[in-house]
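The values are calculated or read from the model by the stated rules, or taken from the named source; none is laboratory data. Bear in mind that the values here come from a model prediction, so they are computed numbers and not experimental data. Backbone-built Cβ (ideal geometry, glycine too); neighbour counts: all protein chains shown. Surface areas here come from the heavy atoms of the whole protein model, side chains and all, with no ligands, DNA or RNA. Shrake-Rupley method; radii C 1.70, N 1.55, O 1.52, S 1.80 Å.
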Amino acid sequence: MSRPAFDPATYDAQLAEKKARLVELLAPFGAPEPVVFDSPREHYRMRAEFRLWREDGQRHYAMFAPGDKHTPILLDDFPIASLRINELMPRLRAAWQASEALSFKLFQVEFLTTLAGDALITLAYHRPLDEAWQAEAERLATELNVSLVGRSRGQRLVIGRDYVEEELNVAGRSFRYRQPEGAFTQPNGRVCEKMLGWAYDVLGERDDDLLELYCGNGNFTLPLATRVRRVLATEISKTSVNAALANLADNGVDNVELVRLSAEELTQALNEVRPFRRLAGIDLKSYEFGSVFVDPPRAGMDPDTCELTRRFERILYISCNPETLAANIAQLNDTHKVTRSALFDQFPYTHHMEAGVLLERR
């Protein structure tokens, strides 16, 4: 099977179609025209995952069309991935071709890179990893100047670090991030910077407090914390919470309290439905929340969380699914109006897009 179409000449037309779709989704709410933030045309994706496919006695990088796990698309390079990933792909393949310890029962490879030049490779196996693998992997990590993670059932061996270090610039300040292996990070580094800059600008400088739901590794938390008095941030993933705490410390951001709660649990806590031991020592009543920032999963906010956000003067909402964004706005439309909107093209050459809106109390 041939590789999927990749034609930068079609980029502008595809982006115009996305804008038209977002305008249509937001039209019932009288939203202003979205500001459009484009992507680099190639080498924009900071992470990539490949299955390996055996053909002619060799393993090849492979991807599959959705719904088809039997017809591989064999790859030598991957133009949408970062230059660092494209530089590493042939060198890693040469290494496993030359080493039985590295290649035996290897079935998947993941690359995680950053704009700052850091790189981590995860190698997944259908066998236990032994001392021979460890020795070869250590040599390879040094040769490629990367961190390596080896995974097999019940095993996770780390050579170097189990995270990459990123640096993103927002409003003239540089923020440093640890991005853990296996945890969610924004895939398009340059567009992520544009998202952070937009959110920073739209929130504005405030003398009250910010509630942040679904904070992840602190991607938005760091720059937004510089705009308000205090932040209460929540996240349910332990890996992401630990990365966020490290990122807050690394950047000297000291006005954030981070709690490992789901959005639904925090809603229960604020409504005094039940207490949570994880909130011990945090005085929820001491906060003067003026704004809430949400970046929910594709399903959007559940109805109770949506009702919680209605309490705030300003709702700053980043969405990876404009359809569920529109459904949430419909629930809030009687009390809040859309005053700013944006399109962020995280995923060129696909129908996926990120959107941002600011909702303010009517």
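Using alpha carbon centroids, what distance separates region 247-278 and region 163-241, in Å? Taking the Cα centre of region 163-241 as reference, the centre of region 247-278 is 15 Å away. Centroid-to-centroid, using Cα positions, region 1-76 and region 90-161 are 26 Å apart. What full-extension length gain, to one decimal in nm, is calculated for Asp254 and Gln268 as 0.36 nm per residue of separation minus the Cα-Cα distance? Full-extension gain reported as 2.4 nm.
Springs between Cα atoms under 10 Å define the GNM used for the chain, and in it the highest mean-square fluctuation of Val149, Val273, Val231 occurs at Val273.
With respect to the chain, whose longest principal axis is taken over its alpha-carbon atoms, helix 131-144 is tilted by about 70°. Ranked by the mean number of other Cβ atoms within 10 Å per residue, highest first, peptides 176-184, 201-209 order as 176-184, 201-209. Accessible area per residue for the chain is 45 Å², calculated with a 1.4 Å probe on protein heavy atoms, without ligands, DNA or RNA. In whole percents, the pair-distance distribution calculated for the chain from its alpha-carbon pairs, binned every 10 Å from zero, is 5, 22, 29, 24, 14, 5, 0. Note on Val35 and Glu288: their simple-model spin labels are 2.8 nm apart, each label 7 Å out from Cα toward Cβ.
Treating the angle as unsigned and between 0 and 90°, give the value, to the nearest 10°, between the Cα long axis of helix 238-250 and the longest Cα principal axis of the chain. The two axes meet at around 80 degrees. Each Lys and Arg contributes +1 and each Asp and Glu -1, all at the Cβ; summed about the Cα centre of region 261-362, the dipole is approximately 220 debye.
Treating each Cα of region 46-162 as an identical point scatterer and summing with the Debye formula, the log10 of I(q)/I(0) at q = 0.23 Å⁻¹ comes to -1.48.
Among Asn188, Asn145, Asn247, the largest mean-square fluctuation in a Gaussian network model of the chain (Cα springs under 10 Å) belongs to Asn145.
Roll a 1.4 angstrom probe over the protein heavy atoms and tell me the percent of accessible area of the chain that is carbon or sulfur. Can you show the working numbers first?
Values: 8150 of 16430 Å².
C and S atoms contribute 50 percent here.
In this simple spin-label model, placing a label point 7 Å from the Cα along the Cα-to-Cβ direction at both Thr324 and Ala20 gives a separation of 2.7 nm.
Relative to the longest principal axis of the Cα atoms of the chain, the long axis of helix 322-332 makes an angle of roughly 20 degrees. Placing a label point 7 Å from the Cα of Ala98 along the Cα-to-Cβ direction, the residues of region 67-91 whose backbone N falls under 12 Å of that point are 91. Between Asp77 and Thr339, the contour length at 0.36 nm per residue exceeds the alpha carbon distance by 90.1 nm. Lysine pairs in the chain whose alpha-carbon atoms fall under 30 angstrom of each other, counting only those eight or more residues apart or on distinct chains, come to 10.
Per-residue ellipticity at 222 nm, computed for the chain from helices alone with -39500 (n - 2.57) per DSSP H run of at least four residues, works out to -9000 deg cm²/dmol. For the chain, a crude dipole built from +1 on the beta carbon of Lys and Arg and -1 on the beta carbon of Asp and Glu, taken about the Cα centre, is about 420 debye to the nearest 20.
A DSSP coil position with no more than 10 other Cβ atoms inside 10 Å describes the following trypsin sites (Lys or Arg not before Pro) in region 121-163: Arg153. Among the protein heavy atoms, those of Val35 account for about 70 Å² of accessible surface (1.4 Å probe, every chain in place). Relative to the current alpha-carbon distance between Arg139 and Phe6, full extension at 0.36 nm per residue lengthens the span by 44.4 nm.
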